[in-house]
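Each remark here refers to the structure printed beneath this line.
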Ligand code: ADP
Ligand code: MG
């Protein structure tokens, strides 16, 4: 298996009036193709910020990110946008589906953007949605779908264009436990079968059972990396939803951490439907 994603001491600091916040501090991780990583940690530990940098949506203050051996920090903005569109799939906590497109059209959108919209692509989009249990809801608009169904459409959209790296921020935040298990199990199977590198942020340690590696973040730093299968299973078995999920960012007030003011990420709102396309 080859390394699909590698970060070297990646750091993101924010300078605020009240001081500097190290949202992500010297994080070095590597993810191979065909591997799903669960990224866990309390609210404010830097998970979303790290994911946004991996997606090329936020530029690191320091350190580097290599995807398939290419340093995304050394690309021009235009190159990075194109690279992201082709190589990266993502789904955020608020699923960002396009409200006037059907489930199928939302998934096909990623193919159109990559000039891969043809008969085969269309068939694959249907197949993927069917695999995710939405075969009979292809023509439904997002508002006609439940939160869980919308989340599964978002998962299909993150996978359809054959990205090397798939990033998911709290993909199960709006699902009940039963559906959350199903969604993550299918997501994990697809990552393995299709040989993609997946990183999934979750507040729910039970979901780690589907992961090959667990990265625990605390205060912007990697506290632990767990690769041992037995240990991962024990953690998943012992854990309930150990970490509280963040409320959807739109509703999140400005919070204080260690006496420093922190604010929600600017891009994680519904206005960023499919970033930079
Ligand atoms: P998590 O996803 O683990 O809950 P985040 O990555 O959202 O954590 O945030 C990590 C830290 O960085 C928090 O203290 C947060 O308030 C702060 N932060 C995130 N985005 C910004 C920003 N744009 N400006 C200032 N601080 C930020
Ligand atoms: Mg977050």
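Below, the figures for the structure above:
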read-out	value
Convex hull of Cα atoms in the stretch 82-137, direction-averaged projection (nm²)	4.4 nm²
Global form of the stretch 139-217, assessed from the alpha-carbon gyration tensor, a/c cut-off 1.5	oblate
Prolate/oblate/rounded call for the chain, Cα gyration tensor, a/c under 1.5 rounded	rounded
The stretch 1-64 - convex hull of alpha carbons, volume per residue in Å³	83 Å³
Euclidean distance between Cα centres, the stretch 82-130 to the stretch 1-77, Å	24 Å
The chain: angle of helix 229-238 to the longest principal axis, Cα-based, in degrees nearest 10	90 degrees
Calculated [θ] (222 nm, deg cm²/dmol) that DSSP helices of n ≥ 4 give over the chain, each run adding -39,500 (n - 2.57)	-9500 deg cm²/dmol
Folded to 0 to 90 degrees: helix 77-87 orientation relative to the chain principal axis, Cα	60 degrees
Per-selection Kirkwood Rh - the stretch 1-107 (Cα, Å, 1 d.p.)	15.3 Å
The chain: angle of helix 103-113 to the longest principal axis, Cα-based, in degrees nearest 10	70 degrees
Residue with peak Gaussian network fluctuation, the chain [Cα springs, cutoff 10 Å], from 15, 73, 121	15
Dimensionless Rg/Rh of the stretch 89-232 - Kirkwood Rh, Rg from C-alpha atoms	0.98
The chain: most fluctuating residue of 92, 83, 187 per GNM, C-alpha cutoff 10 Å	83
Within a Gaussian network of the chain (alpha carbon springs, distance under 10 Å), most fluctuating of 48, 120, 130	120
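No lab work stands behind these numbers, since they all come straight from the coordinates. On a predicted model such as this, the values are computed, not experimentally measured, just so you know.
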